Amino acid sequence: MTLQFTNNEGHAIITLCERLDTSSAMQTQAEINQFLSAQSPILSVTVNAAELEYVSSSGLRILLSLTKQYKNFKLVEVNADVYDVLNMTGFVKIMCVERALRQMSIEGCEILGVGGVGTVYRYNDDTIIKVFRDGTTIDEVRNEITMSKEAFVMGMPTAISFDIVKVGAQYGLVYELLHADTLSSLIMHHPERIHEYARMYANLFRQLHAIQMPADSCVPNALEHERKQVLHIRRYFSQENIDLLLQILDAVPAGNRLLHLDLQAKNAMVQGDELMLIDMGEVGYGHPVLDLAHAYSSLILFVGDYEAVIGMPRKLGEQLFDLTIDYYFEGQSADIIALRKQQIAAVANVRNYSWLALSDSFPEAVIQQCQQLFNERVIPHRDHILNVISTLKEWC
């Protein structure tokens, strides 16, 4: 038996390798006790069993002792053979046990979409995999599944992942979508049908925004989350510029409608005649203008390789969004629709820069480009933006 110990700010990790049997149990217990007694404080204890080949009854007693001593104890990366022992003895019912995730390869897989939190690949005709960016934790992945299930129950047409996997060192979510394609791909290959697809897209937004969030929902407040993201990027912008972004958010009316908050055309899969959402990492509740502003930021103001990320030429993306807003507000006067477009564009100024809060490891060149764009796109139009957001209170 080989042991490795680490302590990450009170979170103790014990790695067990090879066999935890009767002959090694006494020495293993002594080494674990010595390590833990030297740590203070201990916030949690995790035993990594990725390389544990076998555990005997003596080894099980060590695990039982740890789960009794430490409330935040868990056993992770457990292989099938060891899990069978834990399951047969009832240990999976008395302690937190996480199975090892199966490894999958995306070599040669088609990229369907690239976003701030990950990349979506087509694994085969029936399956897609969303691979999260480096640094994403298992808890963040599980949160996305939780949000997907919550939204699905309330009526959002979202695909539910049936498995968490590892792709190299990164986490992935596996979805089964039969013969589905992204909305952007369909528009790319059938631009003559853009009015039809724009109506589908608008109806999807309207379907989401018709859902009122119950008071006991675990879905977060989108406005509060957006405000936290703006505060997170204070290191990149002057306080005056941050104050302007916060002033825009302060003008957004409160709301309790279900919002996707990353509903660009590559996050919508078309299966038959239905649009199915596959990316639920940012779902929240609030006023619909936030959702539409996020889509505007992606489809109109995206900076970078537009076609690679959005999945269609910029001209088609801009046309799609303009038509979508027309259909979303269908039945209202031309003046109201024109005002709504201005309001969406004004609020989109927040998302254009708050997305930098998704990671603390963006290249310096990306940060500098955003700073330059803020100076070009926002500062010269400050008075116009403030004038437009002052009308948001009329949008109920």
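Here are a few things to note about the model shown:
- I379 vs. criteria touching a residue at least 40 places away in the same chain (Cβ under 8 Å) and crowded, with 19+ Cβ neighbours inside 10 Å: no
- So I42, is it at pLDDT 95 or above and under 33 Å from the mean Cα position of the chain (by Cα): no
- Comparison of E226, E192 shows that the only residue that is surrounded by 13 or more Cβ atoms within 10 Å (Cβ to Cβ), of a type in the set (D, E) and at pLDDT 95 or above is E226.
- First in segment 63-91 and farther than 12 Å from V47 by Cα, second anywhere and assigned to a helix (DSSP H, G or I), Cβ under 6 Å, 6 or more apart: L86/V92
- Residue under evaluation G135, criteria (1) surrounded by fewer than 20 Cβ atoms within 10 Å (Cβ to Cβ); (2) in contact (Cβ under 8 Å) with a residue 12 or more places away in the chain; (3) under 20 Å from A308 (Cβ atoms), criterion not met: (3)
- In segment 125-139 there is at least one residue that is β-branched (V, I, T), in a helix (DSSP H, G or I) and outside the structural domain of N267 (by TED's automatic domain parsing).
- Selection status of H232, within 20 Å of N267 (Cα to Cα) and surrounded by fewer than 16 Cβ atoms within 10 Å (Cβ to Cβ): no
- Taken over segment 312-334, the criterion of being in a helix (DSSP H, G or I) and either under 18 Å from I389 (Cβ atoms) or among the aromatic types (F, W, Y) (or both) is satisfied by F321, I325, Y327, Y328.
- Cβ-Cβ under 7 Å pairs, at least 6 apart or on other chains, segment 208-221 side not assigned by TED's automatic domain parsing to the domain that holds A151, far side basic (K, R): H209/R257; I211/R257; Q212/R257
- Whichever residue in segment 327-363 is of a type in the set (V, I, T) and over 24 Å from the mean Cα position of the chain (by Cα) and, among such residues, is surrounded by the fewest Cβ atoms within 10 Å (Cβ to Cβ): I336
The values are calculated or read from the model by the stated rules, or taken from the named source; none is laboratory data. Keep in mind that what you see is a predicted model, and the values were worked out from it rather than measured. Cβ atoms come from the backbone with ideal geometry, glycine included; neighbour counts cover every protein chain shown.
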